[in-house]
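Here the structure is laid out as structure tokens; the discussion comes afterwards.
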Amino acid sequence: MGAASSSVLDFVVAIEKIKGADEVWNRYLRYASAFGMHYAALVDMPGPGERLIDTALYLSCPPEWRTRYFEKNYFPNDPAVLHLARTTDPFTWTEALACPDYTPAQRRVVYEAGEFDMHGGFVVPLVGLRTRTAVIELAGPNKDLGTRERAELQMASMAANSRLRAIYKPRRHPLPPLSSREREVLQWAAVGKSDWEIGEILSISEKTVNAHIENVKRKYGVTSRIHAVVKGMNAHAIHL
């Protein structure tokens, strides 16, 4: 058995011992980075009346790209999304763009991602909650995944998704309310502002901004800023 194959099996075994969802996701991101895929998202495909931000479990991508993607409502025209209607097998962005049916405007969504060091992508369809379609999408500077790399990333993605579904338990009670200042800080964090920039906007210190962010993370029971932003959006405490 090759070293790479041993590596993916080691990953699968390792995450089965992890009890925290964020830790599983971060371990998966580290694994994918070895393949030149530094960014990833895990979402359940939105149903009628739902928004992508409502069904996203993790969105680990450059905040500037996330802001542009939501502000311009790229989701309905994203070839990586549209191609899911054509295949249930994993595919690269290059393979999706090889389909002649996508318009120049739709193709531009993929090209613009390259401005944020996401020149290549790999999409893995999965089974989500209530048997709806879910997807893990990886992106980074690597455009040329080999057959073995694709197989290993697919196995790792399926294992990460399975483990996250097993340990992720949605809250049965409403999330704790945020103070007005916490909402302001989280709102600016959602559009990619740094602690220093938020402090300048709100006329408070960078240290105070960070303290508010940490309070939000504690209230929401998460360990990452992006997860706090997603939960804040899901709870309608903030919006884009």
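The values are calculated or read from the model by the stated rules, or taken from the named source; none is laboratory data. If you're wondering where the values come from, they're calculated on a predicted model, not measured in any experiment. Cβ atoms come from the backbone with ideal geometry, glycine included; neighbour counts cover every protein chain shown. Just so you know, the surface numbers come from the protein's heavy atoms only, side chains and all, with ligands and any DNA or RNA stripped out. Shrake-Rupley method; radii C 1.70, N 1.55, O 1.52, S 1.80 Å.
Being open to solvent by 50 Å² or more (accessible area, probe 1.4 Å) and at pLDDT 90 or above is the filter here, so list the residues in segment 212-236 that pass it.
Passing the criteria: E214, N215.
One line per residue, one yes/no per condition, for (1) open to solvent by 30 Å² or more (accessible area, probe 1.4 Å); (2) among the acidic types (D, E):
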residue	(1), (2)
A21	no, no
M37	no, no
D44	no, yes
P63	yes, no
F116	yes, no
G120	no, no
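Which numbered condition trips up I53, out of (1) closer than 25 Å to Y168 by Cβ; (2) at pLDDT 95 or above; (3) assigned to a helix (DSSP H, G or I)?
All conditions pass for I53, except number (2).
Looking at segment 183-210, which of its residues are without any contact (Cβ under 8 Å) to a residue 40 or more places away in the chain, part of a helix (DSSP H, G or I) and open to solvent by less than 50 Å² (accessible area, probe 1.4 Å)?
Taking segment 183-210 and keeping what is without any contact (Cβ under 8 Å) to a residue 40 or more places away in the chain, we get 184-185, 188, 193-210.
Then drop every residue that is not part of a helix (DSSP H, G or I), which leaves 184-185, 188, 195-202, 206-210.
Within segment 183-210, V185, D195, I198, G199, L202, V209 qualify.
Regarding Y28, is this residue in contact (Cβ under 8 Å) with a residue 40 or more places away in the chain, surrounded by 20 or more Cβ atoms within 10 Å (Cβ to Cβ), under 12 Å from the mean Cα position of the chain (by Cα) and in a helix (DSSP H, G or I)? Can you show your working first?
Values: in contact (Cβ under 8 Å) with a residue 40 or more places away in the chain: yes; surrounded by 20 or more Cβ atoms within 10 Å (Cβ to Cβ): yes; under 12 Å from the mean Cα position of the chain (by Cα): yes; in a helix (DSSP H, G or I): yes.
Taking the combined requirement at face value, the residue satisfies it.
When segment 73-96 is examined, which residues are found to be more than 11 Å from V135 (Cβ to Cβ), in a loop (DSSP other than H, G, I, E, B) and not charged (D, E, K, R)?
Selection gives N73, Y74, T87.
Being modelled with pLDDT of 95 or more, exposed (fewer than 14 other Cβ atoms within 10 Å of the Cβ) and small (G, A, S): is that true of A85 here?
Details: modelled with pLDDT of 95 or more: no; exposed (fewer than 14 other Cβ atoms within 10 Å of the Cβ): yes; small (G, A, S): yes.
Answer is no for this residue.
Is it fair to say K143 is within 30 Å of F35 (Cβ to Cβ), open to solvent by 20 Å² or more (accessible area, probe 1.4 Å), touching a helix residue (DSSP H, G or I) at 6+ places or on another chain (Cβ under 7 Å) and without any contact (Cβ under 8 Å) to a residue 24 or more places away in the chain?
So K143 does not fit the description; no.
With respect to E50, is the statement that it is exposed (fewer than 15 other Cβ atoms within 10 Å of the Cβ) and under 16 Å from the mean Cα position of the chain (by Cα) true? Break it down stepwise before answering.
Details: exposed (fewer than 15 other Cβ atoms within 10 Å of the Cβ): yes; under 16 Å from the mean Cα position of the chain (by Cα): no.
Judged against the criteria, E50 is not a match.
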